[in-house]
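A.B. asks: Following this message is one structure expressed as structure tokens.
Only the coordinates and a few stated rules stand behind these numbers; no lab work does. What you see is a predicted model, and the numbers here were worked out from it, not measured in a lab. Ideal geometry is used to build each Cβ from the backbone, glycine not excepted, and the neighbour counts take in all protein chains shown.
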Amino acid sequence: MASTVIPANQAQAPAPKLNYLNNGHSLKSWLLTTDHKRIAVLYLISVTVFFFLGGFFAMLIRLELLTPQGDLMQADTYNKVFTMHGMIMVFFFLIPVVPAVLGNFLIPIMIGAKDLAFPRINLLSWYLYMVGGIMISHVMLTGGVDTGWTFYSPFSTEYTNTKIVEAGLAAFMAGFSSIFTGLNFIVTIHRMRAPGLTWNRLPLFVWANYATSIIMILGTPVVAITIVLVAVERLFHLGIFDPRLGGDPLLFQHLFWFYSHPAVYIMILPSMGVISELITCFSRKRVFGYNFVALSSIAIAVIGFLVWAHHMFVAGISLYAAMIFSFLTFFVGVPSAVKVFNWTATLYRGSITYATPMLYAFGFIGLFTIGGLTGLFLATLGIDVHVTDTYFVVAHFHYVMVGGVLMGYLGGMHFWWPKISGRMYPEGWAKLSALFVFVGFNLTFFPQFILGYVGMPRRYWQYPPEFQVLNVLSTAGSSVLAVGYLLPMIYFLWSLKYGPIAPANPWGAAGLEWKTTSPPPTFNFDETPVVTWEAYNYDEIPAPKELEGPGER
Amino acid sequence: MSDSQATTSQATMEHEAHNPALLHHFADAQQQKNAASLGMWLFLVTEIMFFGGMFCAYLVYRLAHFNAFAAASQQLSIWMGATNTAVLIISSVTVVLAVKAAEAGKRKVLVGYLVVTVLLGMTFLVIKGFEYREKFEKHHVPGATFKFTDTFDDNGKQIPVNPKEAELFFSLYFAMTGMHALHMIIGCGLFSVLAVFAWKGHYSPGYFTPIENAGLYWHLVDIIWIYLFPLLYLISRHS
């Protein structure tokens, strides 16, 4: 069928099957596509742009903090720089990255569907994201915002004269993009599974995205209305959070963190789903305790909604409320620990190979464990009072949000790159970049735990000279980290042209996405698959030759 | 779309074999209907959470400043509020009748009920507009010109009230009714489009999911008003 359109110079190559990438080349065929895989690629490009933009601001912060004096920028500029870093990374990178790129691409294929339930709403999500992205870029170019990404009232509602409303609406747009993504995922997972694919046979990545979607649709509307209330307070002088009218700025913090704490689980849960896929594939073993790993995602989503006030222990909430939220914060550690223990148990007597995705998975387990356990430090009321608003908190949430999410994302990108692009990435360079990311990350953020513990507050552009050594280490680490992040972008792009052609299943992995071609055809499968096997039936799948591990089978 | 022309086989064949309203990625019409319906219910959940933020703020402030809220509430026009409540309840009935007509395949009846629903929605908005005008005239709009001196209850008893807290009440009043009115406007637009589509014969007894789903939206917006009315208008009016 396709043979008539093959140009002469490609005729000797294996006949390129019609797939989602070569099915239409015009700009319109991309910008008006309703194919979930193409939308995933659109997201991939846009989140990458915002990631490097956010990273640019991160580098500005680290450069300013290289010396104790405020020499690179003034306090005002510094406030705007860390606000932009936070807003872009949180709303335009971390929240959409794994669901909108990998989830969008993989969920329909993993469940044997032709597309998400609402393909046009899926495209609308991307456009909303882009509108938000353009607005935040406009804010960035025309003066910025200086409240931090948290928009705390009354500073945001009364005092600052920076572009709060526009920045808030940018976050609002990104929020609605994520609501529609979550809604699409839930409906798709409920209604579009292939025959035989019961809930207990779903890949854990799908379970994780299902849990994420629940948080997206329950949490995001609350922050949306909070942003609207801040906007009307500024625009129409309504006084919802204004203490002069008897309003309560603490109410803002409650409403904000009601979403923004669960948002951390929006970021980490899909990455955890990726890690479950990687660990089981490269151990060539069924995941240990499938049901526990699957349901721990749901448990994290549910309990994660009940912990928000741990951001406000020193903000004046009642002692009893603080004690309950402290307990619940410890409690949410249980399902997270279930995941870590089960991954470790999956490794036990597994036939492990150290391919790049697996290196990232190991990195994830290490960094997430540190990030998670220091979260328990912060859940302890006494310690929290000591380290609130210090670099200890900064280090903690970067270990989870950057160490965790990015390790999962990069691991997943390497794992599924052959499926997405139809090409293999260069393994040697990939291993090098994994090493750079791991070393650079720890060098950047581990010193910040110490800095915070000895008393360096966050969000200041200057610091006493005795903190300089650790800050220099951190800045040096961030440069290594930047190289680690730039490398994959370069060799992924390189592999598009020069990478070896990927087979349908280069890893010998389980899962429906490996049963279709690389890259998949527009409707994913030539005929709807019927699933008659359990998830991760690795004892029935032969390992590819080059991945034969040294361990016992 | 240009890119899908190249993909011959499956999709096209399914399109030809089935209902023209069936999209290519669904196995059958029932799956498509179930997906649309679940999607709509989930969207309503997000709407409830969206308004939930404001209801939460209302609850907190009403408990903290009850007297001021009661006094400010007495200044709302209960008759306009009650009329609007009646208008919306009737409009919910016309929506149900519209869905019924769609189910029975009565095109003209369907269009009629959709148009009546839009008209009732607009009636609500006009009455709401008059209410807002009254607030401007009485300086009950929060901001620099806000004044609140009406601190006597219906029996002429003085209520000890901080006018600033009354301003908080009116802030919530405008935020909540304003957001509700915005949803009404969207609803009117939605039903106008549906009326045009229905006139052109897009819907049949086998396919009227958009009417059903828009109906769900309209009912939710009604229900929100049914909560707003007692919470805003009827504070301490039980004497």
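A.B. asks: Taking the simple approach of a point 7 Å from Cα along Cα-to-Cβ for both A:I134 and A:Y348, what is their distance in nm?
C.D. replies: Distance between the two pseudo-spin positions: 5.5 nm.
A.B. asks: Sticking with this one: Dividing the alpha-carbon radius of gyration of the protein assembly as shown by 2.2 N^0.38 Å (N being the number of residues), what value is obtained?
C.D. replies: Computed over Cα atoms of the protein assembly as shown, the ratio equals 1.01.
A.B. asks: At 222 nm, what value in deg cm²/dmol follows for chain A if DSSP H runs of at least 4 each add -39500 (n - 2.57) and the sum is divided by all its residues, to the nearest 500?
C.D. replies: Rounded to the nearest 500, it is -21000 deg cm²/dmol.
A.B. asks: Turning to a different aspect of this structure: If the range B:32-129 were replaced by its equivalent ellipsoid, with semi-axes equal to the square roots of 5 times the Cα gyration tensor eigenvalues, what would those be, largest first, whole Å?
C.D. replies: 34, 22, 8
A.B. asks: Ranked highest first by average number of other Cβ atoms within 10 Å, how do B:87-94, A:382-389, A:37-44 line up?
C.D. replies: The peptides rank, most packed first, as A:37-44, B:87-94, A:382-389.
A.B. asks: While we're on this one: What FRET efficiency would be calculated for the residue pair A:T532, A:K17, taking the C-beta separation as r and a Förster radius of 25 Å, to the nearest 0.05?
C.D. replies: 0.45
A.B. asks: Using only the alpha carbons of the range A:317-455, determine the length spanned along each of the three principal axes and report them from longest to shortest in whole angstroms.
C.D. replies: Over the range A:317-455, Cα extents along the principal axes are 56, 30, 27 Å.
A.B. asks: Another question, then. Over all pairs of distinct alpha carbons, what does the Kirkwood formula give as the hydrodynamic radius of the range A:59-125, in Å?
C.D. replies: In the range A:59-125 this quantity evaluates to 14.9 Å.
A.B. asks: Return, ordered by residue number, the residues of the range A:175-199 whose backbone nitrogen is under 16 Å from a label point located 7 Å along Cα→Cβ of B:Q30.
C.D. replies: A:191-196
A.B. asks: At a Förster radius of 56 Å, what calculated FRET efficiency corresponds to the Cβ-Cβ distance of B:Y227 and A:S479, to the nearest 0.05?
C.D. replies: Between B:Y227 and A:S479 the formula returns 0.50.
A.B. asks: Under a point spin-label approximation (7 Å from Cα along Cα-to-Cβ), what is the B:Q158-A:F292 distance to one decimal in nm?
C.D. replies: Rounded to a tenth, the inter-label distance reads 6.9 nm.
A.B. asks: Across 10 Å bins from 0, what is the distribution of all Cα-Cα pair distances for the range B:29-233, in whole percents?
C.D. replies: The calculated distribution, bin by bin, is 8, 31, 29, 17, 10, 4, 0.
A.B. asks: Can you pull the mean other chain C-beta count within 10 Å for peptide A:218-228?
C.D. replies: Mean partner shielding for this stretch: 5.
A.B. asks: For a quick check of your reading of the filter: which trypsin sites (Lys or Arg not before Pro) in the range A:427-496 sit in a DSSP loop and have no more than 16 other Cβ atoms within 10 Å?
C.D. replies: The qualifying sites are A:R459.
A.B. asks: What ratio of Cα Rg to 2.2 N^0.38 Å holds for the range A:429-542?
C.D. replies: 1.70
A.B. asks: How high is the FRET efficiency from B:L119 to B:T149, r the C-beta distance, R0 45 Å, rounded to 0.05?
C.D. replies: The formula returns an efficiency of 0.70 here.
A.B. asks: Modelling each spin label as a point 7 Å along the Cα-to-Cβ direction, I'd like the B:S204/A:F331 distance in nm, to one decimal.
C.D. replies: Once both label points are built, they end up 5.3 nm from each other.
A.B. asks: Using +1 at the C-beta of Lys and Arg and -1 at the C-beta of Asp and Glu, which of B:A64, B:T145, B:L110 has the Cα lying farthest in the positive direction of the dipole of the range B:29-233?
C.D. replies: Result: B:L110.
A.B. asks: Same structure again: Under a no-solvent Debye model with one identical scatterer per Cα of the range B:75-161, what's log10 I(q)/I(0) at q = 0.17 Å⁻¹?
C.D. replies: Treating every Cα as an identical point scatterer, log10 I(q)/I(0) equals -0.79.
A.B. asks: Determine the distance separating the Cα centre of the range A:23-68 from the Cα centre of the range A:328-368; give it in Å without decimals.
C.D. replies: 28
A.B. asks: If the cut-off is 18 Å between C-alpha atoms, which lysines fall inside it for A:K419, apart from same-chain ones fewer than 8 positions away?
C.D. replies: A:K17, A:K37, A:K114, A:K497, A:K515
A.B. asks: Counting only GluC sites (Glu not before Pro) that are in a DSSP loop and have at most 12 other C-beta atoms within 10 Å, tell me the longest site-free stretch of chain A.
C.D. replies: Longest gap between qualifying sites, sites excluded: A:1-526.
A.B. asks: Under a 10 Å cutoff between Cα atoms, tell me which one of B:K157, B:K128, B:K147 has the largest fluctuation in the Gaussian network model of chain B.
C.D. replies: Evaluated over chain B, the most mobile residue of the options is B:K157.
A.B. asks: Averaged across the residues of A:189-196, what count of C-beta atoms belonging to other chains lies within 10 Å of each residue's C-beta?
C.D. replies: Per-residue shielding by partner chains comes out at 3.
A.B. asks: Then there is this: Please give the peptides B:228-236, A:128-136 ranked by average Cβ packing (other Cβ atoms within 10 Å per residue), highest first, as a rough proxy for protection.
C.D. replies: Highest mean packing first, the order is A:128-136, B:228-236.
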